[in-house]
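The values are calculated or read from the model by the stated rules, or taken from the named source; none is laboratory data. Note that the structure is predicted; figures quoted are calculated from it, not measured. Cβ sites come from the backbone with ideal geometry, for glycine too, and all protein chains shown count toward neighbours. These area figures cover heavy atoms from the full protein model, side chains too; ligands, DNA and RNA do not enter into them. Shrake-Rupley method; radii C 1.70, N 1.55, O 1.52, S 1.80 Å.
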Amino acid sequence: MSATMETTTPLLTVDGLVKRFTGRGGKTVHAVEDVSFTIKRGTTVGLVGESGSGKTTAGRTLLRLIEPTGGKAVFDGTDIFALSDKDMRAFRQRMQIIFQDPFSSLNPRMRVEAIIGEALDACGYPKGQQRKDRVAELLTLVGLQPEHGRRFPHEFSGGQRQRIGIARALAVEPEFVVADEPVSALDVSVQAQVLNLLSDLQKRLGLTLLFIAHDLSVVEYLCDEVVVMYLGRVMERGPSRLVYAAPRHPYTKALLATAPIPDPTRRREHVPLKGDIPSPINPPSGCVFRTRCPHAIDACAQTIPPVEDLGGDHHVACIRHLELAQAS
Amino acid sequence: MTDLAPDTILSVRDLRTWFKTKRVTAKAVDGVTFDLKRGQTLAVVGESGSGKSVTSLSIMGLLARPGAIESGEALFRDSKGAAHDLARMGPRGFRKLRGKEIAMIFQEPMTSLNPLYTVGDQIGEMIALHNDVSRDEARKSALDMLRHVEIPDAANRLDDYPHQMSGGMRQRVMIAMALSCNPSLLIADEPTTALDVTIQAQILDLLRRLQEQFGMSILFITHNLGVVAEIAHEVVVMYAGRVVEHAPVVPLFAKQKHPYTEGLLACTPNAERDLDPAGERKALYSIPGTVPPITNLPPGCAFEPRCRYSISACTKVPPQLEPAGPERLSRCLRSAEI
């Protein structure tokens, strides 16, 4: 977004978010550990990482769809993690989610008008003509026709279903929307339509978006800022342009280098990352990325690298970032 | 079924695979033609409903009813030089070819592996089935294969069950199993789609190196043009059951001769193109509408309703797949003007 936006206040400040699950045999799954970032009003932040990075868990705890283990999430001055269930319900109107799979997130037995109407009910919207008008308005907003309200989800294509999911999320006029891989299940030709819609709606409605994705090119295009997660922790975060132009964490560099580019003349010569993401039940000591990092040294196993501010809101969690930057 | 060029391992000719029910006929694959050259990788790319997977299932003889090959040929040359028409082959014929001459890997390795047997047993079974070897020899070969696919600490992973491995490791096991009898053709149906990008890069790299080592030809089915650019020598683009463009990989990405291919590439976000110097987003190019239902295609070109080059002639008759430059084919009336 433009420079004027960068001076605006944060809508959401996430501070030291932790989510641990207790697995079978009492083992602790460290899904999210000490994640902090802010989202400025009217901007889009991308949360990227591979499966098992904790990005989806982080997104859902922010809406308390999953209860957090620790940390704070200050939304417009209120720590939503400290709210009672009753107070949280009132807050939910201000924050909504769009799910990845438009096939399983819509009830197949309900007409589209009922699916969207249900969201309106939840916030006490009056029934009758006023509600019908609002449903029609929402369908038009997402590029569908008011008549589509009479139909069932199976009568729509994947892209259209995702539009219905977006209409449902926007029904209660939220300020903040978590979009969890909203285009991953769609065909490429339809992805662009939905991305354009999200981008357009954000501008028109002044929405603040947390966009969870594994596709780096989509995040670069859509997001003002990016948070790169690995095994539950933030590796690097900052304005997209800085992070993409000059990534400072070895993991970010590797992710960018492995994303396939649609250009056969720029084929990659070698694969920068070996091995798999370790188990979150027993994460590596020190830096969680060190077991796959081409630059790991003994010291990386000793302490969890602090998140350092590089200036310009660019942060990196790597004890060797300075020497690596000098070496390259 | 005679004239199979010596450097060609698979020749699919005017293949039609239809799904007939009492009420409708879905022409999922309708006249697909392409050749795969020995030692090369041919990518078949398309979106859902394009017919790319049905094409590969037809070639492997794995069609489920009511799907059946209506007409056409799929000529395959085995390692002894004999030609077989896979389009007319029965289950017994396939049993001899599959595994030994033609191997397959799929999108989700977990569903293709038996959860009750160790990976060593499963690879060993494959080797023992096609070769006259003892249990110990089969196990030793299985270990060799795990090393070929670069599974770390292979000797200890031999007795692992599939659920003890990550998705990337399971796909390596599938590749090890597929290549254990040194097949001449590997059919890979979206083998990296379920994997993360860093793992996808490892698997693509592995397939490229194994191809150099073993010399197998690969028919690679995918929806991802980035992956195509990484692995293919030649590319076939499918839309609504037909080939719309066919070209070597470098010229295809340099210049598209069919509006659909052009659109597919244009709607993948690309920061260099889609962000202006101040970082402001420009609207992404998008192909309007959706893929038409295969049972109700327009009378002219199937892509016409979504095409920005469409003229009235496009709505009248289906265009033919015609030469559009050296080694290139395009199914578009206006390919010369694009």
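Identify all residues within the stretch A:160-191 that are within 13 Å of chain B (Cβ to nearest Cβ), assigned to a helix (DSSP H, G or I) and either more than 16 Å from A:LEU141 (Cβ to Cβ) or open to solvent by 10 Å² or more (accessible area, probe 1.4 Å) (or both); write none if there are none.
Selection gives A:GLN160, A:ARG161, A:ARG163, A:VAL188, A:SER189, A:VAL190, A:GLN191.
Name, by its number, the condition in (1) modelled with pLDDT under 95; (2) surrounded by 17 or more Cβ atoms within 10 Å (Cβ to Cβ) that does not hold for A:THR9.
(2)
Residue under question is A:PRO262, and the condition is that it be touching a Gly at 6+ places or on another chain (Cβ under 8 Å), in contact (Cβ under 8 Å) with a residue 12 or more places away in the chain and surrounded by 15 or more Cβ atoms within 10 Å (Cβ to Cβ); does it hold? Steps first, answer last, please.
On the way: touching a Gly at 6+ places or on another chain (Cβ under 8 Å): yes; in contact (Cβ under 8 Å) with a residue 12 or more places away in the chain: no; surrounded by 15 or more Cβ atoms within 10 Å (Cβ to Cβ): yes.
Answer is no for this residue.
Considering the stretch A:274-326 alone, what residues qualify as being hydrophobic (A, V, I, L, M, F, W, C), open to solvent by less than 40 Å² (accessible area, probe 1.4 Å) and in a loop (DSSP other than H, G, I, E, B)?
A:CYS287, A:VAL288, A:PHE289, A:CYS293, A:ALA317, A:CYS318
Considering B:PRO318, B:PRO298, B:PRO277, B:PRO305, which residue is more than 9 Å from chain A (Cβ to nearest Cβ) and in contact with a Lys or Arg (Cβ under 9 Å, 6 or more places away or on another chain)?
On the way: B:PRO298 fails: in contact with a Lys or Arg (Cβ under 9 Å, 6 or more places away or on another chain); B:PRO277 fails: in contact with a Lys or Arg (Cβ under 9 Å, 6 or more places away or on another chain); B:PRO305 fails: in contact with a Lys or Arg (Cβ under 9 Å, 6 or more places away or on another chain).
Testing whether each residue is more than 9 Å from chain A (Cβ to nearest Cβ) and in contact with a Lys or Arg (Cβ under 9 Å, 6 or more places away or on another chain) leaves just B:PRO318.
Identify all residues within the stretch B:290-329 that are in contact with a Leu (Cβ under 7 Å, 6 or more places away or on another chain) and either among the small types (Gly, Ala, Ser) or not in a loop (DSSP other than H, G, I, E, B) (or both); write none if there are none.
Result: B:ALA313, B:CYS314, B:GLU322, B:PRO323, B:LEU329.
Within the stretch A:15-23, does at least one residue satisfy the condition of being crowded, with 20+ Cβ neighbours inside 10 Å and either touching a residue at least 12 places away in the same chain (Cβ under 8 Å) or in a strand (DSSP E or B) (or both)?
Our first condition is that a residue be crowded, with 20+ Cβ neighbours inside 10 Å; within the stretch A:15-23, this holds for A:17, A:19.
Those left that are additionally either touching a residue at least 12 places away in the same chain (Cβ under 8 Å) or in a strand (DSSP E or B) (or both): A:17, A:19.
Yes, some residue in the stretch A:15-23 is crowded, with 20+ Cβ neighbours inside 10 Å and either touching a residue at least 12 places away in the same chain (Cβ under 8 Å) or in a strand (DSSP E or B) (or both).
Identify, from the list B:ASP132, B:ASP196, B:ASP160, the residue that is over 28 Å from the mean Cα position of the chain (by Cα), open to solvent by 10 Å² or more (accessible area, probe 1.4 Å) and at pLDDT below 90. Let's see the steps before the verdict.
Values: B:ASP196 fails: over 28 Å from the mean Cα position of the chain (by Cα); B:ASP160 fails: at pLDDT below 90.
Going through B:ASP132, B:ASP196, B:ASP160 in turn, the sole match is B:ASP132.
Identify the residue in the stretch A:27-44 that is assigned to a strand (DSSP E or B) and β-branched (Val, Ile, Thr) and, among all such residues, is surrounded by the fewest Cβ atoms within 10 Å (Cβ to Cβ).
Residues of the stretch A:27-44 that are assigned to a strand (DSSP E or B), as a first pass: A:28-40, A:44.
The next check asks that each one be β-branched (Val, Ile, Thr); those that pass are A:28-29, A:32, A:35, A:38-39, A:44.
On the way: A:THR28: 13, A:VAL29: 19, A:VAL32: 32, A:VAL35: 26, A:THR38: 18, A:ILE39: 22, A:THR44: 25.
Per the stated criteria, the residue is A:THR28.
Any idea how many residues of the stretch B:9-66 are in contact (Cβ under 8 Å) with a residue 24 or more places away in the chain, over 23 Å from B:PRO183 (Cα atoms), of a type outside the set (Gly, Ala, Ser) and open to solvent by 10 Å² or more (accessible area, probe 1.4 Å)?
11
Identify the single condition in (1) within 11 Å of another protein chain (Cβ to nearest Cβ); (2) over 28 Å from the mean Cα position of the chain (by Cα); (3) more than 27 Å from B:ILE231 (Cβ to Cβ) that B:ALA271 does not satisfy, given that it satisfies every other one.
(3)
Residues to consider are B:THR41, B:THR55, B:THR25; find the one that is polar (S, T, N, Q) and touching a His at 6+ places or on another chain (Cβ under 8 Å). Write out each step before concluding.
Details: B:THR55 fails: touching a His at 6+ places or on another chain (Cβ under 8 Å); B:THR25 fails: touching a His at 6+ places or on another chain (Cβ under 8 Å).
None of the other options fit; the residue is B:THR41.
Here is a yes/no grid of residues against (1) touching a His at 6+ places or on another chain (Cβ under 7 Å); (2) surrounded by fewer than 15 Cβ atoms within 10 Å (Cβ to Cβ); (3) assigned to a strand (DSSP E or B):
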{"site": "A:ILE66", "(1), (2), (3)": "no, no, no"}
{"site": "A:ALA73", "(1), (2), (3)": "no, no, yes"}
{"site": "A:LYS86", "(1), (2), (3)": "no, yes, no"}
{"site": "A:ALA90", "(1), (2), (3)": "no, yes, no"}
{"site": "A:PRO102", "(1), (2), (3)": "no, no, no"}
{"site": "A:SER105", "(1), (2), (3)": "no, no, no"}
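Identify the residue in the stretch A:230-250 that is at the interface with another protein chain (Cβ under 9 Å from one of its Cβ atoms) and open to solvent by less than 40 Å² (accessible area, probe 1.4 Å) and, among all such residues, is nearest to A:HIS315 (Cα to Cα).
Start the filter on the stretch A:230-250 by keeping residues that are at the interface with another protein chain (Cβ under 9 Å from one of its Cβ atoms), which leaves A:239-241, A:244.
Retained after the next criterion (residues that are open to solvent by less than 40 Å² (accessible area, probe 1.4 Å)): A:239-240, A:244.
Numbers: A:PRO239: 10, A:SER240: 12, A:TYR244: 13 Å.
Out of the qualifying residues, it is A:PRO239.
For A:VAL194, all conditions in the list (1) within 8 Å of chain B (Cβ to nearest Cβ); (2) part of a helix (DSSP H, G or I) hold save one; what is the number of the exception?
Answer for A:VAL194: the failing condition is (1).
Testing A:GLU220 on (1) closer than 21 Å to A:ARG320 by Cα; (2) within 10 Å of chain B (Cβ to nearest Cβ); (3) touching a helix residue (DSSP H, G or I) at 6+ places or on another chain (Cβ under 6 Å); (4) open to solvent by 40 Å² or more (accessible area, probe 1.4 Å), one condition comes back false. Which one is that?
(1)
Please determine whether any residue of the stretch A:135-157 is without any contact (Cβ under 8 Å) to a residue 12 or more places away in the chain, more than 14 Å from chain B (Cβ to nearest Cβ), touching a Leu at 6+ places or on another chain (Cβ under 9 Å) and under 21 Å from A:GLU175 (Cα atoms).
no
Which of the residues that make up the stretch B:239-265 are open to solvent by 20 Å² or more (accessible area, probe 1.4 Å) and under 28 Å from A:LEU222 (Cα atoms)?
B:PHE253, B:ALA254, B:LYS255, B:GLN256, B:GLU262, B:LEU265
Just to be sure before I move on: is B:GLY93 outside any loop (DSSP other than H, G, I, E, B), open to solvent by less than 70 Å² (accessible area, probe 1.4 Å) and not hydroxyl-bearing (Ser, Thr, Tyr) in the structure I sent? I'd like the intermediate steps shown before the answer.
Details: outside any loop (DSSP other than H, G, I, E, B): yes; open to solvent by less than 70 Å² (accessible area, probe 1.4 Å): yes; not hydroxyl-bearing (Ser, Thr, Tyr): yes.
Here the answer is yes, as B:GLY93 does meet what is asked.
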